[in-house]
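The values are calculated or read from the model by the stated rules, or taken from the named source; none is laboratory data. Predicted, not measured: the structure shown is a model, and the values here were computed from it. Cβ placement follows ideal geometry from the backbone for every residue including glycine, while neighbour counts extend to all protein chains displayed.
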Ligand code: HEM
């Protein structure tokens with residue numbers, strides 16, 4: 001999962017401007033072909049994906065675990081992917097609605113109860129972690145969850161640090177925490193095996209039940225690496241898109257009112273929120289869904305991805321030599337006025353018509369496309385429902401939030417900027433404790 005800083009972002013846009021949609025450059029000394037056209041991205045990710053392999057720095061691979069599916073291709077990748085995809089398919093995640101709802105309400109409640117200005121992104125990270133844990137383990141023992149959380153946080157802190165593996169550095173601490181995570185996951189796996197709880201329902205169940213035609217099962221290391229991989233892929237991305245949605249709604253009071261009206265209709269049909277939201281209702285939130293899609297386009301949380309040519313490849317008369325990196329630039333495609341007129345305008349109505357093929361790829365494309373996209377959207381829909389129906393207003397304080405969220409050239413990557421949204425929920429319920437979920441409150445998104 002790639003992320004870029006301000007300098008990289010500005011460079012990419014100006015290079016596209018100077019050299020067009022395909023050009024070569026060097027990143028940290030590695031020759032790299034940048035691809036900012038839908039056809040070229042499709043060539044690499046879909047039609048000729050067998051000519052390219054995923055590529056990540058070794059230091060990052062070590063932290064996630066070398067068996068995680070996104071480092072692989074071919075038979076091993078396809079096998080793992082089927083298991084992950086099945087456990088994140090709509091028919092599976094629909095059963096998670098009550099639990100996700102409970103988690104979303106708990107998050108909002110504790111946020112409001114704190115009365116503090118909090119970092120929205122970090123609050124959403126906690127929620128996404130809990131949802132990730134739920135989809136992997138179902139209902140897990142609290143002790144295990146605390147241990148996973150503590151150690152995962154340490155890995156997360158070290159992930160983007162300079163990879164110097166000497167005592168005292170963030171990277172070294174992350175390596176130690178990663179080892180501890182393997183131990184904890186080993187215990188969880190043994191416990192399940194001992195109890196013979198091999199239910200298919202959650203992702204761990206899918207992993208444990210796997211057996212290929214030769215009777216081969218997955219090793220504990222393979223399972224552990226893929227669990228950490230999924231947690232990693234799910235957390236910052238989902239937290240980021242929810243944070244961006246809140247920021248975009250805050251910036252457009254009319255849109256917020258329209259979203260609120262859509263959600264209030266559902267809320268009222270649930271007897272003033274006393275009946276829980278259903279899966280079917282989450283499928284019937286067209287405006288809110290379009291707001292999420294437009295937020296994904298605008299913020300382009302995964303700005304680009306990397307692949308490496310495994311043979312010499314010819315594309316439209318250009319030679320991509322074996323070993324060179326290629327980078328499909330999702331963000332540049334999402335901000336190309338040819339596909340998205342006035343690309344810097346936040347306009348959910350553009351999604352009333354489906355985008356042209358291969359122009360909208362917030363979840364990637366092809367064999368490595370995101371298997372968690374439905375879960376991420378479900379989590380966002382549920383959170384938004386409870387936020388706008390139970391909290392009276394979102395008020396901007398003082399100056400506008402200083403997020404830059406235009407194209408690559410205008411700001412930092414989606415994930416970086418999303419971290420810049422300090423906010424506060426003020427509980428002001430007239431009927432405190434009187435009804436469920438008693439969360440009428442006031443939300444203020446404050447400027448930095
Ligand atoms: C808004 C939230 C999310 C965004 C924007 C996002 C984006 C992406 C993208 C762009 C890729 C493809 C990367 C590439 O081709 O190199 C990807 C892959 C992946 N995502 Fe997501 N993702 C999100 C949420 C999730 C969630 C919630 C999960 C799991 C619960 C998840 C699990 C994965 C996995 C396992 C892969 C690797 C798939 C493979 O290699 O076959 N993602 N994601």
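Scanning segment 365-392 for residues that are more than 10 Å from the chain's Cα centre (by Cα), outside any helix (DSSP H, G or I), crowded, with 20+ Cβ neighbours inside 10 Å and within 11 Å of the ligand (Cβ to nearest atom) yields a total of 2. For segment 269-276, indicate whether the set of residues that are surrounded by 16 or more Cβ atoms within 10 Å (Cβ to Cβ), away from the ligand (no atom under 16 Å from the Cβ) and in a helix (DSSP H, G or I) is non-empty. Checked against the condition, which is being surrounded by 16 or more Cβ atoms within 10 Å (Cβ to Cβ), away from the ligand (no atom under 16 Å from the Cβ) and in a helix (DSSP H, G or I), segment 269-276 yields no hits at all. Restricting attention to segment 351-364, the residues being away from the ligand (no atom under 15 Å from the Cβ) and part of a loop (DSSP other than H, G, I, E, B) number 5. Looking only at residues in segment 277-303 that are more than 16 Å from the ligand (Cβ to nearest atom) and closer than 20 Å to residue 349 by Cα, the one that is surrounded by the most Cβ atoms within 10 Å (Cβ to Cβ) is 285. Can you confirm whether segment 145-158 contains a residue that is surrounded by 15 or more Cβ atoms within 10 Å (Cβ to Cβ) and assigned to a loop (DSSP other than H, G, I, E, B)? No, because not a single residue in segment 145-158 is surrounded by 15 or more Cβ atoms within 10 Å (Cβ to Cβ) and assigned to a loop (DSSP other than H, G, I, E, B). Residue 327 versus (1) within 30 Å of residue 110 (Cβ to Cβ); (2) within 12 Å of the ligand (Cβ to nearest atom); (3) touching a strand residue (DSSP E or B) at 6+ places or on another chain (Cβ under 9 Å): which is the lone unmet condition? Checking residue 327 against (1) within 30 Å of residue 110 (Cβ to Cβ); (2) within 12 Å of the ligand (Cβ to nearest atom); (3) touching a strand residue (DSSP E or B) at 6+ places or on another chain (Cβ under 9 Å), the one that fails is (1). Pairing each residue of segment 301-318 that is free of Cβ contacts under 8 Å to residues at least 12 places away in the same chain and farther than 15 Å from residue 45 by Cα with any residue that is away from the ligand (no atom under 16 Å from the Cβ) and assigned to a strand (DSSP E or B), provided the two are 6+ apart or on different chains, yields C-beta distances under 7 Å for 312/319.
Residues in segment 135-143: is at least one away from the ligand (no atom under 15 Å from the Cβ) and buried (at least 21 other Cβ atoms within 10 Å of the Cβ)? Scanning segment 135-143 turns up no residue that is away from the ligand (no atom under 15 Å from the Cβ) and buried (at least 21 other Cβ atoms within 10 Å of the Cβ). Out of curiosity, is residue 340 crowded, with 19+ Cβ neighbours inside 10 Å, more than 30 Å from residue 25 (Cα to Cα), more than 16 Å from the ligand (Cβ to nearest atom) and at pLDDT 95 or above? Judged against the criteria, residue 340 is not a match.
Screening the candidates 77, 26, 48, 72 for the property of being modelled with pLDDT under 95 and touching a strand residue (DSSP E or B) at 6+ places or on another chain (Cβ under 9 Å) yields one hit, 26.
Would segment 29-44 turn up any residue that is part of a helix (DSSP H, G or I), free of Cβ contacts under 8 Å to residues at least 24 places away in the same chain and within 14 Å of the ligand (Cβ to nearest atom)? No - not one qualifying residue is present in segment 29-44.
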